[in-house]
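Let me begin by presenting the structure, written as structure tokens, before commenting on it.
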Amino acid sequence: MMPGLRPTLMLPLIAAALGGCAMGRSLPERSAFEAFDSSSTYSRSFDHSPAQACEAARRALLSQGFVVGRAEADIVEARKYFQHDESHEQVEFRAVCMPQTRGEHQTVVFVNAVQDRYVLRKSNTSASLGVSALGSVSLPIGSSEDSLVKVASETLQDPEFYKRFYSVLERFLPEEIERPSKPAARARPALFPIQQYPQPSAAEPVPEQSAAGTLPEQADP
């Protein structure tokens, strides 16, 4: 205890010192946060069939300089490359077309774009020099090799980016809309099956008889 200070005065000083230490420490920040809200940034509904929507998505990506690596009736994947000085960027775009479960539209298109960033880095290679007295000695007189190193990867979250994509996709949708064929109507089975019996054949007609019960004699010609 410090001389000249009472115990009742020491407690506030200790509390203030501990509070200052706590404020000096920075709390860890959350690097990623997902809200799971009901926004339509990554999905849009269309009246066309899934195959028509994915074909329009493929044409939309091709029109913007993307290289399509996978194109099927329900999924399209494409890439596009960008170069800024020594920074290299790559955007990987994916569109999935699925049947709509409810509502008037019959297809919902889910999209997602991931941006990867690469930096050009140089790595020096040393050359070995053989000396009879000292053995092998490595000297930094070799060549340097350039390589791209991935430094960041992020999912694009800009709503305007996806809105522009959907606008281009709508331009490539065909005028004629494909509709799924209706299933054929099936006959409802009877509760109690009815057994079928063979129907009797029609009898041969019997010639008419005279009033006396005998056939009239034919006159000789």
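Being of a type in the set (Ser, Thr, Tyr) and within 20 Å of the chain's Cα centre (by Cα) is the filter here; which residues of segment 105-123 pass it? The one that is of a type in the set (Ser, Thr, Tyr) and within 20 Å of the chain's Cα centre (by Cα): 107. Scanning segment 54-66 for residues that are of a type outside the set (S, T, N, Q) and either open to solvent by less than 10 Å² (accessible area, probe 1.4 Å) or not in a helix (DSSP H, G or I) (or both) yields 54, 56, 57, 60, 61, 65, 66. The set of residues in segment 68-102 that are of a type in the set (Val, Ile, Thr) and open to solvent by 90 Å² or more (accessible area, probe 1.4 Å) contains only 101. What residue, among those in segment 166-180 that are in a helix (DSSP H, G or I) and of a type in the set (A, V, I, L, M, F, W, C), is least open to solvent (accessible area, probe 1.4 Å)? Filtering first and then ranking leaves 169.
Would you confirm, using the coordinates I've provided, whether residue 51 is aliphatic (A, V, I, L, M), modelled with pLDDT under 55 and assigned to a helix (DSSP H, G or I)? No.
One line per residue, one yes/no per condition, for (1) at pLDDT 85 or above; (2) under 16 Å from the mean Cα position of the chain (by Cα); (3) within 30 Å of residue 177 (Cα to Cα):
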residue	(1), (2), (3)
8	no, no, no
11	no, no, no
90	yes, no, no
103	no, no, yes
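The values are calculated or read from the model by the stated rules, or taken from the named source; none is laboratory data. Keep in mind the model is a prediction, meaning the values are calculated, not measured. To get the accessible areas, we keep the full protein, side chains included, count just its heavy atoms, and leave off ligands, DNA and RNA. Shrake-Rupley method; radii C 1.70, N 1.55, O 1.52, S 1.80 Å.
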